[in-house]
Amino acid sequence: MTRSIVFFDIDGTLLNEQKRIDPSTKQAITQLQQSGIYTAIATGRCPASFKWVCEELNIQSFVSMNGQYVVFEGQVIHDNPIPAAEVDRLTTMADERNHPLVYLQADAMQKSMKHNTFTEALKQFQIERLPIRQVSDSNKPVYQILLFCNEQDGMEYAAHFPDYQQHRWHTHAVDFLHANTTKAVGLQKMIEHAGFSREHCYAFGDGTNDIEMLQFVGTGVAMGNASDDIQMHANYVTSSNNEDGIRNGLQAIGLI
């Protein structure tokens, strides 16, 4: 029997607007697992910020930082850090413009400075205090950087870093990462490693960084809270993350 795997985005998908997991979502994922369907996370977050999600949903495998760092049942099967020289170059440019950064590592998050916009934009992640990155931390791999700037400033960074992409998730914040890596790349690494077929691969998402993932899998499901630009890339559109979207979507595609 061919096994299926379902990937779930976190923010706007597994979590409701209160950044909590609805009981219906937890129950639906438990049903999947009990029926032998494998479940995994696919997120832009770093592992340190969603450990509690994995624990609550009994999920051991994930594609994190938009495909930069992939773990299957405790084993790192793919990692793609940003070169240290590029991290330093972005840091210098951001410092000159008073734009804060958050450096995402495999097991930690660090910030470059204190800033009101920085604090406000991070509220949705329920992270109140991050340590400031020190010179001694420069040897630790950084896989993705949160850059806090407006859209116009983001265009300036794009011109200076043509080999990198930005995913804007807040008026004043973007994910900064390799241009050649997406969640879909991470999904492919995992299913090849674990022996799943693309045809029996499913994904739920709601953001611009989910588009490639929704296109890659055999069946992509967009959340009802996703914009039309996201929904057009999915095979199905379920209800929103505040309206039992995970449960309803899994029922619609016949997995529960």
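General remarks:
- For a straight C-alpha distance cut-off of 12 angstrom, the aspartates and glutamates reachable from Lys26 (same-chain residues fewer than eight places away being disregarded) are Glu55, Glu56, Asp244.
- Cα centroid of the stretch 78-111 to Cα centroid of the stretch 135-150, whole Å: 2 Å
- Build a GNM of the chain with springs between Cα atoms under 10 Å apart, and of Asn180, Asn242, Asn98 the one that fluctuates most is Asn180.
- The chain: Rg to Rh, with Rh as the Kirkwood radius over Cα pairs: 0.96
- From the Kirkwood radius over Cα pairs of the stretch 1-40, Stokes-Einstein at 4 °C and 1.567 mPa s returns a whole-number translational diffusion coefficient of 119 µm²/s.
- Within-10-Å neighbourhood charge of Ile211 [Cβ basis; K, R +1; D, E -1]: -2
- Unit charges on C-beta of K, R, D, E only; dipole of the chain, Debye: 540 debye
- Using the Cβ-Cβ distance between Gln75 and Ser138 with R0 = 22 Å, the FRET efficiency computed as 1/(1 + (r/R0)^6) comes to roughly 0.25.
- Around Gln60: net Lys/Arg minus Asp/Glu count, Cβ-Cβ under 14 Å: -2
- Kirkwood-type radius of the stretch 25-77, with distances r between different C-alpha atoms, in Å: 11.4 Å
- Kirkwood hydrodynamic radius of the stretch 142-256, Cα pairs, Å: 15.4 Å
- By the beta-carbon count within 10 Å of each Cβ, the least crowded to most crowded order of Phe176, Phe204, Phe72, fewest first, is Phe72, Phe176, Phe204.
All of the numbers you see were taken from the coordinates with simple rules; none came from a lab. The model shown is predicted, which means the values in this text are computed figures rather than measured ones. FYI the Cβ positions are ideal-geometry reconstructions off the backbone, even for glycines, and counts take in every protein chain you see.
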